[in-house]
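Asks: First, the structure itself, so that you have it in front of you.
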Amino acid sequence: MKLKEIERTAVQAWSPANNHPIYLATGTSAQQLDASFSTNATLEIFEVDFRDPSLDMKQKGTLPASNRFHKLIWGNFGNGSPESSGVIIGGGDNGVLTMYSAHRILASKSEPVIGQTEKHSGPVRALDFNPFQCNLLASGANDSEIFIWDLNNFSVPMTPGAKSQPHEDISVVSWNRQVQHILSSAHPSGKAVVWDLRKNEPIIKVSDHSNRMHCSGMAWHPEVATQLVLSSEDDRLPVIQIWDLRFATSPLSQLEGHARGVLSVSWCQADPELLLSSAKDNRILCWNPSTGEMVYELPIQSQWCFDVQWCPRNPSIFSAATFDGWINIYSVMGGSLEAQQKTQADKISSSFNNLDPFGTGQILPPLQVPEQVAQTTLIPPLKKPPKWIRRPVGVSFAFGGKLITFGLTKAPGQQMQQTYPHQVFISQVTTETEFLLRSRELQMALQSGNLLDYCKGKIQTAKLQFDENLWNFLKVNLEQESRAKLLKLLGYNKEDLQKKIASCLSNGIPDKQPLPEANEANTAQSDQLLINTSDDVAAVSSSSAFFDNLIPQNISALEIPVTEDTDGLISQALLLGNFEGAVELCMRAERFADAIILAIAGGENLLKETQKRYFAKRKTKLSLLLSSIVQQKWQDIVCTCDLQSWKEALAILLTYAKHEDYTQLCDMLGARLESEGDAALSNDACLCYISSGNVERLVECWVKNHETSSPLALQDLVEKVMVLSRSIEMLRGTAGPAPGPVLAERITQYASLLASQGCLAAAMDYLPNSSKELLIEQLRDRLFHAQGGNVGDQQPPPFPYARVNVGVIKQTSPAARRGSTPEGAARKTGPKHPEKPSYQSLTPSAPPQPSVPSLFTPQPVPALSMTPHHAAAAPQASAGLQTGVYSRGPPYPQYNLGMVPATASGPALSQSQPFSPAAARPGGPASFPSQPPLSGQSMPMTSPGVLPPGPALFTPASLPSSQLPAASPFPVASQSPLGFSSAPFSCPMNMGYPQGGPGAPSTKPLPAASLPPPPTAQESWTDPSARGGLQKKKLPEKFTPPAPITAPVMSLPTEPQGIHPSLSRLQESGQSPPGAPKEGSLQYHQLPAERVERKELPPEHQGLKTTFEGLVQRCSAIATDPKTRRKLEDALQRLETLYEKLREQALSPTILMGLHEIAHCIEARNYQQGLLVHTQVVSSSSFSEVSGFMPILKVLMTIAGKLNV
Amino acid sequence: MVSVINTVDTSHKDMIHEAQMDYYGTRLATCSSDRSVKIFDVWNGGQILIADLRGHEGPVWQVAWAHPMYGNILASCSYDRKVIIWKEENGTWEKTYEYTGHDSSVNSVCWAPHDYGLILACGSSDGAISLLSYTGDGQWEVKKISNAHTIGCNAVSWAPAVVPGSLIEQPSGQKPNYIKRFASGGCDNLVKIWKEEDGQWKEEQKLEAHSGWVQDVAWAPSIGLPTSTIASCSQDGRVFIWTCDDASGNSWSPKLLHKFNDVVWHVSWSITANILAVSGGDNKVTLWK
């Protein structure tokens, strides 16, 4: 298609390839006159700008020339300087050769002519620049005159050798494109002479035997040094001959297509397979010289085109100069001229100034330009795709940091000349090596569970004090007695303090402060006590114990002196038991110590009153602290303390705050620090959040003050977060709640980053399973499928997009789909679109997306899931529900990820809840509609059917939250007529069920909250008829199936994993799950056993008691140190907690196993081993389960080890 | 660090012009001057030929995978002036749509972000850009930008879907008010940015810096920052990175990444938009951070 045009009777020259923008130089043509008969000559330069869609070219420079031109050429000479645009050489009429500076013409500067010579005797028709040395120019004129010019010295030309005979005009000179000293000249007689400039002589003459050739054009092959083409102007032989000098006797081939003589040829430098020719038949053709095929034809022009030239810079365009005085620029790529036609029409219209040119008051309508023109300009592009459009190499990125490359030869030695490389390389790109290294370390630590060492390593390598602190705090969270150790980290070492106090007391340094002595002693003593107690018990659980001990100890220590020394009145009041009076008297006399001691004897109210009055009277620096501590106003401390003493406040919390308040108080303190906006204080706030284990707040606080955009910074954060959440998990034995938005965002970011480095599996591990965030779902889907077959046991996550069917919808059943799939494709489609079939099974109204809300609406489900198994137990029903939604769905429900409402895991996990086994079990009530979020957590629907007596008690309304042990259904059950009394429950029988029984979904989030096997009577449940009847009656209406998807855990503890096989086996084999009435009846007895009267220890655990108590006795026999003795006494008491749990069957198999192993070690007197087992048990079980007795076992073994009993 | 993990022998009989992985990175589509499009399963270091698609009558320049929510769909464009959309149906690949509205070689195809629906932009040597939108039940609607690039359009690349405000998809078919944009590069040495306004595509920006054909443009994936980034490469060996910080999309500024000594054919962003891969006529692939 035509791109540009100018009306000039001129010869033309393109600017060299390296010039930008592209110019076209025109010089008035010699031997052509127009109607003006003007003999003036002009040299003009036009810019060829395709950004402008019009056909116009802008004239950028013009210059009157001294004579007209036969040939114009534009070379690179002098192009080294930035302002140069090369030189234009014009071959003139009378042997004049003129050299112009293109730059000077363009810039309209003076002296644009930089050289002129008249060495030639006649018109100079042939010019060519050496492609290798831009200062070398060849020129040819008449009389066989050929000169070689060095533009640096334009006055003296060289000759390539003796003039060829006979003398004739030189039509073309051309330098070889490969060998720089080879030049050829073509002559109208039809021969071409090849010159070797080193030898200074012609080395070969090429001529056709027919003698009818009349050379008009000649061109060297752009790539093959020995080939050239000659074109014949003779109408009798309108051909283009291709010659190879290696066989210079006859042409290799002849391109025949023109009807009349060929006027010019131009060989495309960008693609040797494209050769342009113009001829007297008014056609311009493009050939593929290697095949002889005509690949392009520009339709008949109105006039001969005497010169065609490829544009050196823009390979798909060429210019053509015609005898009728036009220079046109065409593209060989086809296309239409719609837009141009329009602009032309606009131009014509506007030139008539259609804004009322005739003053008639009428605006002329736009000019109508005939449409026909546009149609004829549609020219098909080159038949042969040009080389420049054929992209030989390529690169693209793919998901997972993969890089796809092709077109590259791997080994440079390999010859790839004829055959193209047909390989595509897929590479893994990893850029963040340090990030990956650290991520791998973290991954290993998390997998091995050896987080302590990980923290230690981090502490050692920490560069910043703050970082070190954080890691210290994190480390302590992983350890036993974390509170005590946290205190140490805050700078409060109990041993040190004790020493200080001791030395202070023994030195008798008088206390200058006006504090009563008794009070001083009291404080000291409380410290002492604190140390003792916290040594005895794991610090986390010690705070309440501390208060238990504090008061009785005080009394026993102080009672004796009271009776000895009294004021008369006080003693009288005492004798009469009038404590109030006595206290009043003491307070008056400012005998505070006495007053308080008396108040203790006088009862709680009096004590409190007295304390209050005391604090009101005594205003010292310490009193606020004292009052807060004594009156347990921790919140006051947190809210009012000077932020600079946050450490002290935290220390107080660590020492005193009850477990359930602790978290909240720490967070409050953290929030206060954070709200200051000060970076240092925010860092301290992070420490508070670590202490409280509040991951989300930690992240929020962190991101405020630290950038997390770089991979390593993100890694910094994630390391801490993962360690902290893991430590909390270990502490509570359950997965943390679903991450909040801030954390989820970072984790997703982190996972994406891992994915981008190719760590797909690791990335998947980090993605919070429970999150419903669309981005996370999408990433999970992508990660899953990106791993292809590598995720063997997992089921695909739901497809997080709404599917759109493209093409005409064909009805195909899923079975047919799979059946008809060829092998390769089937393998692929199978796992990739598991959800497709299932969507078809959904009701039409359901969106084609597993939309979250619908899954969690329990209402529509019961009928559906219950009908097929009306007598079946709930777990089965819930399994049915799952398969209903995902017909090819997972056997392991935890992979139905990400759909859990946060509430599902929330309540059970909140740290402030005392986590008694009973509370941990949602039990019966949970299955009622009143508590849908909890229903998924544990064997919910089994209960209704199992509790034959007193059904009325189980109306949903009467059931408070299952979190409250007192309100749990258990009391009812235990008082039921059938009774739960007789035989001690056989534990082993229950072992298999506690987790597997309720159905997979339930146990997953609460592995440690295993169902306590209650001490119930098996007999009471052996009547199948009663049971069956009840179930049939009650189940269908009563229960709401659990949400099929339950809170998953981010990293699954080992314990629940073991359950899957058995569970899936159950489901696959079609057996009723344990909860089903027929076999799994034991399931139903598993109700919390809080108030059952004390029974015998189960026989198999009797050994534990014997061993532990035996050890206490042995120790007591040897121990002399009162402190130790006290510990041992305490031990006996605390072991009761253990026995209690054993009776209740409230301990998980793992713990029981651990206990037996510990007992075994104790029997073997291998306390070291015992302690190891102890650590294992503690780290793998839930805090609530073991907190009552595990610490004392440790103390006991430690003592035993020391005493060497 | 780049390590080859898989070498796929495509058995193409002529030059390979494009190799693209699907959304999940497990399937490879290649196309070649031998007029064929091939699809391979490539995970786990293996390769299984899934399809050898014949239908083009000229070299196939590019292939593009649609988002999986539309099924397994691949678009290919060729020198034969055709765009073919292939679809896997019952495990076999078939032509689902053929577009023949261009007058010259179709050099580039690129699917719009999946949020917009199934839209394919096609750039051709006839200078036009076509936008094919799937309108349901096998129907496609065509919009054409004529003379987008004089002499030809070599590349098209969509801007990531950025919604002002919420990212949540409305399931009811109500589409959020996306501002649709794409970039194109052509033989007029320009990079142009097109924006849809009232259903019409308008030239929003003309980015001038290249002094040769723009061979490829790549709009960087969104990483949540307000900055838009485009990479473009050219015959002149230059690779430019264009950035625009303001939301209106009006002030783009170029930065020269590098000047190579040969044609630069291809630029491709990593998924996380932090690495740019550049492949040039010197047979080298370079990665830029």
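Asks: Among the numbered criteria (1) open to solvent by less than 30 Å² (accessible area, probe 1.4 Å); (2) at negative phi, which single criterion is violated by B:N274?
Replies: Of the numbered conditions (1) open to solvent by less than 30 Å² (accessible area, probe 1.4 Å); (2) at negative phi, the odd one out for B:N274 is (1).
Asks: Quick check on region A:426-450: of everything there that is within 14 Å of chain B (Cβ to nearest Cβ) and charged (D, E, K, R), which residue is nearest to B:S268 (Cα to Cα)? Working first, answer last.
Replies: Going residue by residue through region A:426-450, those that are within 14 Å of chain B (Cβ to nearest Cβ) are A:426-437.
This time we only want the ones that are charged (D, E, K, R), so: A:432, A:434.
Numbers: A:E432: 19, A:E434: 24 Å.
Checked region A:426-450; the qualifying residue nearest to B:S268 (Cα to Cα) is A:E432.
Asks: Residue check: is A:R283 within 17 Å of A:L3 (Cα to Cα), out of contact with any helix residue (DSSP H, G or I) (no Cβ under 7 Å at 6 or more places or on another chain) and either free of Cβ contacts under 8 Å to residues at least 24 places away in the same chain or open to solvent by 10 Å² or more (accessible area, probe 1.4 Å) (or both)?
Replies: No: the conditions fail for A:R283.
Asks: For region B:25-41, give me the residue count where each residue is open to solvent by less than 10 Å² (accessible area, probe 1.4 Å) and either at the interface with chain A (Cβ under 7 Å from one of its Cβ atoms) or at positive phi (or both).
Replies: Residues of region B:25-41 open to solvent by less than 10 Å² (accessible area, probe 1.4 Å): B:25-32, B:36-37, B:39-41.
If we keep only those that are either at the interface with chain A (Cβ under 7 Å from one of its Cβ atoms) or at positive phi (or both) as well, we get B:25-26, B:28, B:30, B:41.
Within region B:25-41, residues that are open to solvent by less than 10 Å² (accessible area, probe 1.4 Å) and either at the interface with chain A (Cβ under 7 Å from one of its Cβ atoms) or at positive phi (or both) number 5.
Asks: Which of the residues spanning region B:61-102 are without any contact (Cβ under 8 Å) to a residue 24 or more places away in the chain, at the interface with chain A (Cβ under 7 Å from one of its Cβ atoms) and open to solvent by 30 Å² or more (accessible area, probe 1.4 Å)?
Replies: Residue satisfying the conditions is B:N90 alone.
Conditions tested, residue by residue: (1) at pLDDT below 70; (2) in a helix (DSSP H, G or I); (3) within 14 Å of chain B (Cβ to nearest Cβ).
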{"residue": "A:A685", "(1), (2), (3)": "no, yes, no"}
{"residue": "A:C688", "(1), (2), (3)": "no, yes, no"}
{"residue": "A:V699", "(1), (2), (3)": "no, yes, no"}
{"residue": "A:Q715", "(1), (2), (3)": "no, yes, no"}
{"residue": "A:E729", "(1), (2), (3)": "no, yes, no"}
{"residue": "A:I747", "(1), (2), (3)": "no, yes, no"}
{"residue": "A:G758", "(1), (2), (3)": "no, no, yes"}
{"residue": "A:A761", "(1), (2), (3)": "no, yes, yes"}
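Asks: Sort out which residues of region B:132-153 are among the charged types (D, E, K, R) and at the interface with chain A (Cβ under 7 Å from one of its Cβ atoms), and write them in order of number.
Replies: Selection gives B:D137 alone.
Asks: I need the helices (runs of 4 or more DSSP H) fully contained in region A:1113-1205, keeping only those with at least 3 residues that are hydroxyl-bearing (S, T, Y).
Replies: A:1122-1144, A:1167-1180
Asks: List every residue pair whose Cβ atoms sit under 6 Å apart, with the two residues 6 or more apart in sequence or on different chains, where the first one lies in region B:236-254 and is crowded, with 16+ Cβ neighbours inside 10 Å and the second, anywhere, is of a type in the set (K, R).
Replies: Matching pairs, first to second residue: B:G237/B:K259; B:R238/B:K259; B:I241/B:K255.
Asks: Has region A:292-302 got at least one residue that is modelled with pLDDT of 85 or more and assigned to a loop (DSSP other than H, G, I, E, B)?
Replies: Yes, region A:292-302 contains a residue that is modelled with pLDDT of 85 or more and assigned to a loop (DSSP other than H, G, I, E, B).
Asks: May I pose another question? List, please: which pairs have Cβ atoms under 9 Å, are six or more places apart or on different chains, and start with a residue in region A:303-320 that is touching a residue at least 12 places away in the same chain (Cβ under 8 Å) and end with one that is open to solvent by less than 10 Å² (accessible area, probe 1.4 Å) and among the basic types (K, R)?
Replies: Qualifying pairs under 9 Å: A:I317/A:K4; A:S319/A:K4.
Asks: Quick test for you: out of A:F132, A:F154, pick the one residue that is under 60 Å from the mean Cα position of the chain (by Cα), over 24 Å from A:D235 (Cα atoms) and surrounded by fewer than 21 Cβ atoms within 10 Å (Cβ to Cβ).
Replies: A:F132
Asks: I'm told A:D324 meets every condition in (1) within 30 Å of B:W265 (Cβ to Cβ); (2) modelled with pLDDT under 85; (3) not β-branched (V, I, T) except one. Can you identify the failing condition by its number?
Replies: If we test A:D324 against (1) within 30 Å of B:W265 (Cβ to Cβ); (2) modelled with pLDDT under 85; (3) not β-branched (V, I, T), just (1) comes out false.
Asks: Let me ask another. Quick one: in region A:93-111, of everything that is more than 60 Å from the chain's Cα centre (by Cα), at pLDDT 85 or above and not β-branched (V, I, T), which residue is surrounded by the most Cβ atoms within 10 Å (Cβ to Cβ)?
Replies: A:Y100
Asks: Within region B:47-57, how many residues turn out to be open to solvent by 30 Å² or more (accessible area, probe 1.4 Å) and more than 7 Å from chain A (Cβ to nearest Cβ)?
Replies: 5
Asks: Working only within region A:1123-1167, note down all residues that are within 22 Å of A:P1099 (Cβ to Cβ) and of a type in the set (D, E).
Replies: A:E1136, A:E1140, A:E1144, A:E1157, A:E1163 - these are the residues of region A:1123-1167 that are within 22 Å of A:P1099 (Cβ to Cβ) and of a type in the set (D, E).
Asks: Does A:Q254 count as outside any strand (DSSP E or B), open to solvent by 20 Å² or more (accessible area, probe 1.4 Å) and under 19 Å from A:G292 (Cα atoms)? Full working, then the answer.
Replies: Details: outside any strand (DSSP E or B): no; open to solvent by 20 Å² or more (accessible area, probe 1.4 Å): yes; under 19 Å from A:G292 (Cα atoms): yes.
Against the criterion (outside any strand (DSSP E or B), open to solvent by 20 Å² or more (accessible area, probe 1.4 Å) and under 19 Å from A:G292 (Cα atoms)), A:Q254 does not qualify.
Asks: Out of all the residues in region A:235-251, which are surrounded by fewer than 19 Cβ atoms within 10 Å (Cβ to Cβ) and part of a loop (DSSP other than H, G, I, E, B)? Reasoning before the result, please.
Replies: Of region A:235-251, the ones surrounded by fewer than 19 Cβ atoms within 10 Å (Cβ to Cβ) are A:235-236, A:244-250.
Matches in region A:235-251: A:D235, A:R236, A:A248, A:T249, A:S250.
Asks: Only residues in region A:585-601 that are under 12 Å from A:Y614 (Cα atoms) and among the aromatic types (F, W, Y) count as the first member; pair them with residues that are open to solvent by 10 Å² or more (accessible area, probe 1.4 Å) and at pLDDT below 75, Cβ under 7 angstrom, at least 6 apart or cross-chain, and list the lot.
Replies: That search, which allows pairs on different chains as well, returns A:F592/A:P516; A:F592/A:N519.
Asks: Also, I was wondering about something else. Is it true that B:A19 is small (G, A, S), without any contact (Cβ under 8 Å) to a residue 60 or more places away in the chain, at the interface with chain A (Cβ under 9 Å from one of its Cβ atoms) and not in a loop (DSSP other than H, G, I, E, B)? Can you show your working first?
Replies: Working: small (G, A, S): yes; without any contact (Cβ under 8 Å) to a residue 60 or more places away in the chain: yes; at the interface with chain A (Cβ under 9 Å from one of its Cβ atoms): yes; not in a loop (DSSP other than H, G, I, E, B): yes.
Answer is yes for this residue.
Asks: Looking at B:K13, is it basic (K, R) and within 9 Å of another protein chain (Cβ to nearest Cβ)?
Replies: Judged against the criteria, B:K13 is a match.
The values are calculated or read from the model by the stated rules, or taken from the named source; none is laboratory data. Keep in mind that what you see is a predicted model, and the values were worked out from it rather than measured. Virtual Cβ from ideal backbone geometry, glycine too; neighbours counted across all protein chains shown. To get the accessible areas, we keep the full protein, side chains included, count just its heavy atoms, and leave off ligands, DNA and RNA. Shrake-Rupley method; radii C 1.70, N 1.55, O 1.52, S 1.80 Å.
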